[in-house]
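The values are calculated or read from the model by the stated rules, or taken from the named source; none is laboratory data. What you are looking at is a predicted structure, and each value in this text was computed from that prediction instead of being measured. Please note: Cβ atoms are built from the backbone with ideal geometry, for glycine as well, and neighbour counts cover all protein chains shown. The area values use the complete protein model at the heavy-atom level, side chains included, leaving out ligands, DNA and RNA. Shrake-Rupley method; radii C 1.70, N 1.55, O 1.52, S 1.80 Å.
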Amino acid sequence: MSQSYNNSCKHVFEYTMFAKNMNMNEPQQNWARNYTYSAARWHYPKTVEQVQELVRSCRKLKALGTRHSFNSIADTTEDIISLEHLNRVMEIDRERRTVTIEAGVRYGQLCRYLHREGYALHNLASLPHISIAGACATATHGSGDNNGNLATSVSAMEMVTANGEVVVLSHEHDGDKFQGAVVGLGGLGVVTKLTLDILPAFDMRQCVYENLLLSRLENNFDAILASAYSVSLFTDWQSDRINQVWLKRRVSDSAPVALEAEFFGAKLAIRQLHPIAGHPAEYCTEQMGVSGSWHERLPHFRMDFTPSSGEELQTEYLVPRQHAFAAINVIARLRDQMAPLLQISEVRSIAADKLWMSPCYQQACVAIHFTWKKNWDAVRNLLPLIEEQLAPFSARPHWGKLFMMSPTRLQSLYEKSPDFQNLLRFYDPQGKFRNAFLDTYIFATARD
Ligand SMILES: Cc1cc2nc3c(=O)[nH]c(=O)nc-3n(C[C@H](O)[C@H](O)[C@H](O)COP(=O)(O)OP(=O)(O)OC[C@H]3O[C@@H](n4cnc5c(N)ncnc54)[C@H](O)[C@@H]3O)c2cc1C
């Protein structure tokens with residue numbers, strides 16, 4: 001594995017693998033296998049000191065989470081650092097109600113630990129398989145009118161910056177800088193630890209209703225999204241209905257309750273469902289109102305199974321809450337163009353936050369998500385049409401998913417973009433953590 005080589009990294013580390021030698025005559029790909037990383041060397045440090053050593057030695061590098069992003073955001077042509085071995089839950093501070101983790105920890109692992117200790121996180125994404133550092137870096141979110149994205153639970157972060165120094169930023173002490181750094185798009189340094197706010201553990205019930213008429217949604221949009229702790233609307237847009245409404249409600253005791261047979265005219269599902277027709281429902285977290293712990297209800301998919309479809313591409317746009325129904329309407333009108341490509345869409349709500357590069361910066365949003373069939377040539381032709389239709393609503397694409405928006409347009413949607421550029425320059429003056437994605441979409445050095 002270790003061998004000498006002549007390139008920008010001064011040393012060869014025992015935890016370094018060469019792309020062409022790794023157990024991998026196969027190219028290294030992301031989770032969806034739609035993206036092949038171009039990094040020459042892969043590093044798997046086990047300590048923060050090793051991360052520091054690497055950062056000092058490499059010219060260009062990028063931290064990688066669990067590879068669940070669909071685009072090039074986590075790639076580099078030179079050195080990739082995976083933090084999968086830095087995967088310890090460090091400590092719970094019961095007084096401050098926080099937990100500190102190493103950056104390679106996945107939500108599934110942390111949730112089980114927190115639950116045993118009597119604590120919870122405020123929200124989760126659709127799947128527990130992703131790393132916490134990667135999710136927070138891209139403003140990954142779940143649903144719920146009162147739930148900010150997952151990065152909003154970060155109260156402090158430790159990172160190794162370009163000169164190899166360990167820097168700690170906290171909500172308490174670093175004000176603006178902290179708000180700029182949390183959704184950092186991997187550009188500020190290698191995050192090695194995160195401290196997250198926690199809540200007392202709680203139980204939830206999840207139930208699914210089928211066939212909600214779009215006309216009922218129009219007149220009751222706010223009431224529907226406010227009707228549970230977390231609400232997801234799944235649709236293929238092929239009829240005048242939302243196919244499934246998933247309601248996740250907090251409960252104060254585990255005694256069975258009678259579930260209402262109807263929800264705004266939609267009918268209570270009497271069997272477990274997967275959001276995508278024909279996919280195995282046992283991959284999904286328990287439904288039909290059975291009470292269970294927060295971490296076994298907030299995600300849609302179970303840790304031990306493939307989430308979503310597995311063979312897919314994803315796109316998501318977040319629109320300010322006040323435009324949500326209008327945005328849903330314009331998307332519904334594209335049903336014929338979407339039909340051959342779409343597996344399922346999901347609509348969720350997210351609370352406003354103060355994180356500079358979060359799509360929900362100072363505005364509550366509704367996210368319209370698309371799980372596509374794995375046909376990038378066709379999807380890439382459709383995305384500009386969707387983006388054009390959503391442009392009047394200032395829709396912002398999810399940082400970790402596929403989009404076609406021009407860099408200048410994307411930058412114009414983030415008022416904090418110039419401040420974020422300055423923050424990146426402050427921590428990384430030589431552009432060590434800059435990759436093609438950041439050059440294009442944050443610094444707009446590529447042509448539109
Ligand atoms: C099946 C599926 C379901 C999904 N569901 C949702 C959902 O419900 N809601 C949602 O919002 N998104 C969802 N996503 C998108 C996903 O949450 C994001 O792409 C997220 O970034 C993935 O985390 P990751 O650990 O795989 O990050 P990666 O893709 O590995 O990296 C993403 C970014 O994080 C940076 N990064 C990672 N670790 C570090 C570190 N230690 N230090 C500095 N930077 C770091 C990388 O450099 C890169 O910029 C889903 C994706 C898939 C595949």
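With all projection directions averaged, the alpha carbon convex hull of the range 166-279 covers 11.5 nm². A P(r) calculated from all alpha carbon pairs of the chain, with 10 Å bins opening at zero, reads 4, 21, 32, 26, 13, 3, 0 percent. Within the accessible surface of the range 351-426, defined with a 1.4 Å probe on protein heavy atoms only, the carbon and sulfur portion equals 48 percent.
Using 24 Å as the Cα-Cα cut-off, could you pick out the over-long pairs in LYS60/LYS193; LYS248/LYS354; LYS177/LYS432; LYS177/LYS248; LYS46/LYS374? Violating the 24 Å limit, Cα to Cα: LYS248/LYS354; LYS177/LYS248; LYS46/LYS374. When you work out D = kT/(6 pi eta Rh) for the range 17-176 at 4 °C and 1.567 mPa s, using the Kirkwood radius from C-alpha pairs as Rh and the Stokes-Einstein form, the result is 77 µm²/s.
To put it simply, the accessible area of the range 203-332 at a 1.4 Å probe is 49 percent carbon and sulfur.
Here the range 243-304 yields Rg over Rh of 0.94, to two decimals, using C-alpha coordinates and the Kirkwood radius. Electrostatic tally near THR76: other residues with Cβ closer than 15 Å to its Cβ, Lys and Arg +1, Asp and Glu -1, net +2. State the Cα centre-to-centre distance between the range 101-142 and the range 395-442 in whole Å. One Cα centre to the other: 25 Å. Measuring nothing but alpha carbons in the range 350-421 and taking Rh as the Kirkwood radius, the Rg to Rh ratio lands at 0.98.
Once you order the gyration tensor axes a ≥ b ≥ c over the Cα atoms, which shape class does the range 81-202 get: rounded for a/c under 1.5, otherwise prolate or oblate by comparing a/b with b/c? Here the range 81-202 falls in the rounded category.
Taking label positions 7 Å along the Cα-Cβ direction at both ASN329 and THR47, the computed distance is 6.2 nm, reported to one decimal.
Would the range 290-416 count as rounded, prolate or oblate if I go by the C-alpha gyration tensor, calling it rounded below 1.5 in a/c and otherwise prolate when a/b exceeds b/c, oblate otherwise? Note, shape of the range 290-416 comes out oblate.
Average projection, convex hull of the Cα set of the range 55-120: 5.9 square nanometres.
Normalised per residue, the accessible area of the range 226-328 is 42 Å², obtained with a 1.4 Å probe and no contribution from ligands, DNA or RNA. For the range 173-213, the alpha carbon convex hull comes to 216 Å³ per residue, rounded to a whole number. Simple spin-label estimate for SER239 and ALA281 gives 1.6 nm between the two label positions (7 Å along the Cα-to-Cβ direction from each Cα). In whole angstrom, note down how far apart the Cα centers of the range 157-209 and the range 326-341 are. Cα centroid to Cα centroid, the span is 35 Å. A 1.4 Å probe run over the protein chains yields, for the range 366-438, 40 Å² of accessible area per residue, whole-number rounding.
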